[in-house]
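Bear in mind these aren't lab numbers, they're just calculated from the coordinates by the rules spelled out. What you are looking at is a predicted structure, and each value in this text was computed from that prediction instead of being measured. Glycine also receives a Cβ, built like all others from the backbone with ideal geometry; neighbour counts cover every protein chain displayed.
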Amino acid sequence: MLSIDLTHIFKARGIDRPYTFLVKAGFTSHTAHSLLNSSTRAFKLDHIELLCKALICEPNDLLVFSPDKDQVFSADHPLLKLNQVDNSQNWRQTLATMPYKQLKEIAKQINLNDQSEK
């Protein structure tokens, strides 16, 4: 089954109040609730676009695929790439405790990537 999972992105972005974030981003309270509880089975393209704009991500970052127990897929099936690894690590905490020298190296890499995309 294909579904939307936003928890890992909210955690990575340091968004502590996902419902409030979604409503401020332009979602109705009903849609925000459905997205947060993974209870939506139909995805509007404009909702996916709005999520990607607000969370600065791409559609594949939103989707998770969980095969039904009676379905068998080859290990290299493209849908299996949508299985998100739960990275429960708090990125803010990681950055806060990282040595300054490493932070400078990360910033350097980010700047190099930004320049190469122009």
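Couple of notes before you dig in:
- Net charge, residue 48 excluded, C-beta distance under 12 Å - Lys, Arg +1, Asp, Glu -1: -2
- Using θ = phi - 60° in the Karplus curve 6.51 cos²θ - 1.76 cosθ + 1.60, the 3J(HN,Hα) couplings for the stretch 107-113 round to 4, 4, 5, 4, 4, 5, 5 Hz; x is entered for Gly and Pro.
- With θ taken as phi - 60° and the Karplus curve 6.51 cos²θ - 1.76 cosθ + 1.60 applied, the whole-hertz 3J(HN,Hα) list for the stretch 10-21 is 4, 5, 5, 7, x, 8, 8, 10, x, 4, 4, 4 Hz, x standing for glycine and proline.
- With Cα atoms, 0 to 90° folded angle of helix 45-55 axis to the chain main axis: 20
- Here the contact order of the chain, divided by its residue count and restricted to Cα pairs under 8 Å and six or more residues apart, works out to 33 percent.
- Lys pairs, the chain - Cα-Cα below 28 angstrom, 8 or more residues apart or on other chains: 20
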